[in-house]
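The values are calculated or read from the model by the stated rules, or taken from the named source; none is laboratory data. The structure displayed is predicted, hence computed values, not measured ones. For neighbour counting, all protein chains shown are included, and Cβ atoms are generated from backbone atoms with ideal geometry for every residue, glycine included.
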Amino acid sequence: MARSLWNRLHRSERGQALPLFALFLLIFLGFVAMSIDVGRYVWARTQMQAAVDAAALAAAQSMPSETDAAAKATEYWLDNSGFIRSQGENVQFAVTYPEGNKAVRVQASARIPTWFARLFGVTHWNVSASGDAESQVLDIVVVFDISGSMCFDSFRQVESSVAYQMSPGRLTPAGGFAFPRLAENINATQTTIRLNDVRIFASTNASTNRANFGTTFNSTTPYWQRSASGLRAGMIMIDNEIMRITNVNVANNTLTVQRGQRNDATGVMTAATSHAMYAEVWANRTGYSNTNDYCELASYRTPTTTVNGPHEPFDSAIDAAKYFTTLFDSQYDKIGAVRYSTTAAISQNLTANFANVRGSLDAILWPAGATNIAHGLAVGRQVLDGTGKRANAVRVLVLLTDGVANTYCGSATYNPNAYNSTSCTTGNGVSQAEHHARQEAQRARNGDILIFTIGLGNDLNTAFLQDIATIGGGHFYHAPTTAQLDEAFQAVAEQTHIALVR
């Protein structure tokens with residue numbers, strides 16, 4: 001009797017367990033199905049927002065051209081919305097232009113069909129996203145290095161002292177002497193060579209010598225006999241061959257020379273080769289009146305606003321800075337320019353007339369002097385704080401240099417008052433110059449100025465330039481040659497143009 005009752009109870013429990021198991025299995029499968037469809041929704045929503053943001057940022061770079069902006073936004077949307085477009089239904093994408101600082105709004109929406117959730121009456125997910133970006137209103141100052149080293153690529157050093165640069169000189173230099181060129185072809189063994197005019201090498205007039213060759217040659221001793229510390233007498237260069245003058249015959253316009261001389265700057269002997277008629281005859285030049293403006297003496301013509309140099313990398317750097325101004329929109333942006341060497345000066349206050357900015361850069365006649373980066377930063381800050389400053393603008397300072405900070409304003413102790421003027425009493429020394437520059441960078445940053453630095457060439461303290469950019473909240477870009485300068489300036493423009501605002 002008892003056993004029969006037990007069997008009936010056991011069969012009853014087994015009958016109840018099977019429906020419960022089926023119910024729990026159905027619920028479990030429902031959760032799994034929903035999790036798959038929810039995952040598809042989350043992925044669709046994430047991809048859509050990312051695609052919209054990318055499209056908005058890309059479009060803002062093309063403003064204020066709405067046509068270009070729409071094309072760029074569409075390009076980035078198509079590149080980043082593959083899942084949405086392949087899985088979605090009724091996919092919508094739109095670009096609009098709300099009022100503001102070159103603003104762009106990108107919006108997208110789609111229906112994402114469900115797989116399993118439809119068993120519970122959910123046939124699709126509605127997914128949407130929007131992103132706003134704007135190309136910011138900018139006040140920019142370009143702080144441009146015009147120190148003497150900015151012509152080193154044009155005019156070579158062949159003596160042991162860096163104070164002397166070998167260069168061509170003037171077509172019509174002071175003293176009335178003709179620009180020296182070969183008057184005939186010469187072979188590799190000739191020691192008597194004929195020029196169109198040799199008087200420049202034989203002059204015994206101190207002022208003429210100084211005007212032609214620079215401060216060190218301020219003497220009645222003619223160039224071909226004049227030597228100084230780190231300088232050999234009478235060195236000339238034709239093409240790549242260095243020669244030494246041993247005699248000058250003014251009546252016959254001939255030089256007697258020793259061929260294939262050593263380049264004391266590199267320690268390499270040059271080879272005696274043949275040279276063609278009209279080849280330039282270069283000579284050593286040094287700073288004039290203690291301002292290191294041998295670049296001015298070295299150029300073919302007296303520099304004007306339309307004829308500079310050749311002065312490299314100066315000329316190419318000016319061209320790159322002028323290109324930089326074309327990357328902005330005068331409807332919204334303003335640009336100024338500062339030049340600096342031993343001290344800094346304003347070339348152009350903030351203006352929306354970019355042609356005036358380019359003209360102010362062209363008006364810098366030649367590079368000369370030392371490298372006072374601290375004062376360059378200070379005068380750049382003065383431009384951004386001065387005429388034309390706007391409360392709604394992002395303020396940007398772009399500093400270009402090809403060398404090392406070696407000059408500063410005032411005493412060894414940093415004094416901000418020394419930098420409140422476009423003139424200053426200078427001191428020398430790399431460590432103090434860099435210290436003063438860091439202080440001026442911090443002062444600019446405290447005034448909400450972003451600093452970007454561009455280092456040209458390889459004679460740089462890149463860690464120092466990185467420090468200045470870091471202090472200023474910007475970036476450092478290295479351009480090993482002038483060929484990379486446009487890219488560096490363009491990178492700065494791209495960094496400062498765009499903000500994702502929603």
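Okay, residues lined up against (1) farther than 19 Å from F314 by Cα; (2) of a type in the set (K, R); (3) at pLDDT 95 or above; (4) within 19 Å of the chain's Cα centre (by Cα):
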position: Y332; (1), (2), (3), (4): yes, no, no, no
position: Y340; (1), (2), (3), (4): no, no, yes, yes
position: N349; (1), (2), (3), (4): yes, no, yes, no
position: V357; (1), (2), (3), (4): no, no, yes, yes
position: D362; (1), (2), (3), (4): no, no, no, yes
position: P367; (1), (2), (3), (4): no, no, no, yes
position: A370; (1), (2), (3), (4): no, no, no, no
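Within the range 352-402, work out how many residues are in a loop (DSSP other than H, G, I, E, B), among the polar types (S, T, N, Q) and crowded, with 19+ Cβ neighbours inside 10 Å.
Residues meeting the conditions: 2.
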Determine whether F452 is touching a residue at least 40 places away in the same chain (Cβ under 8 Å), assigned to a helix (DSSP H, G or I) and buried (at least 20 other Cβ atoms within 10 Å of the Cβ). no
For the list (1) closer than 19 Å to D239 by Cβ; (2) of a type in the set (A, V, I, L, M); (3) within 27 Å of the chain's Cα centre (by Cα), I need the number of the one condition that A183 fails. (3)
Can you confirm whether A71 is aliphatic (A, V, I, L, M), more than 16 Å from A50 (Cα to Cα) and either assigned by TED's automatic domain parsing to the domain that holds T46 or part of a loop (DSSP other than H, G, I, E, B) (or both)? yes
Pairs, please: C-beta under 8 Å, at least 6 apart or cross-chain, first residue touching a residue at least 12 places away in the same chain (Cβ under 8 Å) and under 13 Å from Q107 (Cα atoms) and in the range 71-84, second of a type in the set (S, T, N, Q) and buried (at least 16 other Cβ atoms within 10 Å of the Cβ)? S81/Q47
So in the range 198-234, with the set limited to residues that are assigned to a loop (DSSP other than H, G, I, E, B) and either among the hydrophobic types (A, V, I, L, M, F, W, C) or not assigned by TED's automatic domain parsing to the domain that holds L255 (or both), which one is surrounded by the most Cβ atoms within 10 Å (Cβ to Cβ)? V198
Among the residues in the range 479-499, are any surrounded by fewer than 21 Cβ atoms within 10 Å (Cβ to Cβ) and at positive phi? no
